[in-house]
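Trainee: Below is the structure I would like to discuss, written out as structure tokens.
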Amino acid sequence: MHIPPSLLTQLPALIAQGQQEASEAVIGARETAELNGSYEPNALIHGDNLAGLARLVASGACAKLIYLDPPFDSKADYRSRIHTRDDAGGEIALEMHTYTDRWAGGTADYLRMLVPRLVLARQLLAEDGAICVHLDWHSSHYVRVVLDEVFGREHFVNSLVWSYRTGGAARTSAVPRKHDNLLLYRKSDRFRITPLYERQYLDKPFMGSKVDAQGRHFVDTILRDVLEGAVTLVDSAADAPTGGGVHQVSVRPVLNLSAERTGYATQKPEGLLELLLRWMTHPGDLVVDPFGGSGTTAATAEQLGRRWMSLDASARSLVVTRSRLDALGAQYALLDAHPPQNTDSVVSPMVEYAWEDGEFQLQSVIPAEQLATALQPARGQSSDVTARMLEGTGLGSLAGWHLWSTAGERLGGAWRDARGVLVTRASIAQPVADSVTLELVDLTGKRTTVANIVR
């Protein structure tokens, strides 16, 4: 009987291969940077994050924090839920394959994917920076061994615990697994944590307790390494204009009724990222998220005044992240990890619109054929919802649309909201003297640009 080799015995070769792959990626990235320039924060980077990280390293970028939320080696497939409307205003719920966390060679192949990205992450960090790798029980123990080798065992800082009560659970085969592990490693001993304090309210006075303006007894205690529920965070003088106050930070998982809910699979709460960024960075520091997903890191960094770079291979990820950033009024660049050879706009007759007296109205589009196969009815939906989405004006197939000037200024547009509603009209107040391009983004994230929009 054939006995497969122990994964532990394979780790030295896996790490050596990952180091070589990372080195080759940086060499290739330096050539690309010479031709296409380097990345600048704040930016969304679409494509393979190995190439994206290599370009960041080649450009000399220095990150204070790299937050990695990679696949967990869970042997599962993940789907995102997408809401839209038909021409009659009827609600439609669809599902789209987001990513596969299955590896033909098992955990060894999973580590082959992850190791070169961890090597590049270390090279990208500032000397006083740190990496936080978000995992769960499936393979965090193996990844910690890899991190010990890549960063040095002496640079392990914490295994933070994000605890929750939601989701399914085994009843008899195991104690319910209800936490994730966030492995924190520093680049060097120059790294420092900014202490955070949480306010705990008491039923009666206690040693050293104080009384607030509402007459409540409280103590402020240093925030520990187990995060769950809602934290009453004491504002620091550096982050709060008033200083000395408190605010609620929820680290509860993003559920169907959560205000943050985007429908993107495995979305993390903004509160969790807020605590990580406040612990490990300061305003103006660079935060990099190589597995950007739903854009939580970018959105949180934007709100906290950190510079950021978010990478993801999924076009749908960019849709969700852009909609969140645009709602914040963020200014950012949209880049490709592998710059296309031809960046010319597509001239297309597949759209109808009206533009009169400063009012733009998007009237119809011809949806791409692949939408019928890429999107399936969500659970509980009738089998005809995909056809309804494509019928009539075809506007139900859009995630968003935007008008751009040749100078790169966004003149108007909209993203579909959480209820599936898309505004198709925009007022263009100022005179537009130059050529205008219409960007159409379908529900899967595919982008089409229509050049020379006529006023």
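Throughout, read-outs are computed from the coordinates displayed, never taken from laboratory work. Nothing here was measured: the structure is a model prediction, and the numbers come from that model. Cβ atoms come from the backbone with ideal geometry, glycine included; neighbour counts cover every protein chain shown.
Trainee: Hey, rough spin-label estimate for Arg192 and Asp87, points 7 angstrom out along Cα→Cβ, what's it come to in nanometres?
Mentor: So the two model labels end up 6.4 nm from each other.
Trainee: I would also like to ask the following. Would you mind checking the tilt of helix 7-36 against the longest principal axis of the Cα atoms of the chain, expressed as 0 to 90 degrees and rounded to 10?
Mentor: 40
Trainee: Tilt of helix 315-327 relative to the longest C-alpha principal axis of the chain, in degrees (0 to 90, nearest 10)?
Mentor: The helix 315-327 is inclined about 90 degrees to the chain.
Trainee: What order do you get for 377-383, 16-22 when each peptide is scored by the mean count of other beta carbon atoms within 10 Å, highest first?
Mentor: So the peptides 377-383, 16-22, ranked by packing, come out 16-22, 377-383.
Trainee: Hey, another quick one. If you stretched the chain out fully between His141 and Ala354, how much longer would it get, using 0.36 nm times the residue separation minus the C-alpha to C-alpha distance?
Mentor: Contour length minus Cα-Cα distance gives 70.8 nm.
Trainee: What is the local net charge at Arg425, summed over the other residues whose Cβ is closer than 13 Å to its Cβ (Lys, Arg +1; Asp, Glu -1)?
Mentor: Result for the local shell: -3.
Trainee: Still on this structure, I have one more. Kindly state, as a whole number, the per residue volume in cubic angstrom of the convex hull around the alpha carbon atoms of the chain.
Mentor: Each residue corresponds to 208 Å³ of Cα convex hull volume.
Trainee: Given the -39500 (n - 2.57) contribution per DSSP H run of 4+ residues, what per-residue ellipticity at 222 nm results for the chain, rounded to the nearest 500 deg cm²/dmol?
Mentor: Mean residue ellipticity, 222 nm, calculated: -7500 deg cm²/dmol.
Trainee: Follow-up. Using all Cα-Cα distances in region 253-386, what percent lands in each 5 angstrom bin from 0 up to the longest?
Mentor: Histogramming region 253-386 at 5 Å steps yields 2, 8, 13, 15, 17, 15, 12, 11, 5, 2, 0 percent.
Trainee: Shape of region 351-450 from its Cα gyration tensor (a ≥ b ≥ c, root eigenvalues): rounded if a/c is under 1.5, otherwise prolate when a/b > b/c, or oblate?
Mentor: It comes out prolate by the Cα gyration axes.
Trainee: A further question follows. What angle do you read, to the nearest 10 degrees and between 0 and 90, between the alpha-carbon axis of helix 49-58 and the longest principal axis of the chain?
Mentor: 80
Trainee: Checking the a/c ratio against 1.5 first, then a/b against b/c, what shape does the Cα gyration tensor give for region 151-207?
Mentor: Oblate is the answer for region 151-207, as a/c is 1.5 or above yet b/c matches or exceeds a/b.
Trainee: State whether region 267-325 is rounded, prolate or oblate according to the following rule on the C-alpha gyration tensor (a ≥ b ≥ c being the square roots of its eigenvalues): a/c under 1.5 gives rounded; otherwise a/b larger than b/c gives prolate, and the remaining case gives oblate.
Mentor: It comes out prolate by the Cα gyration axes.
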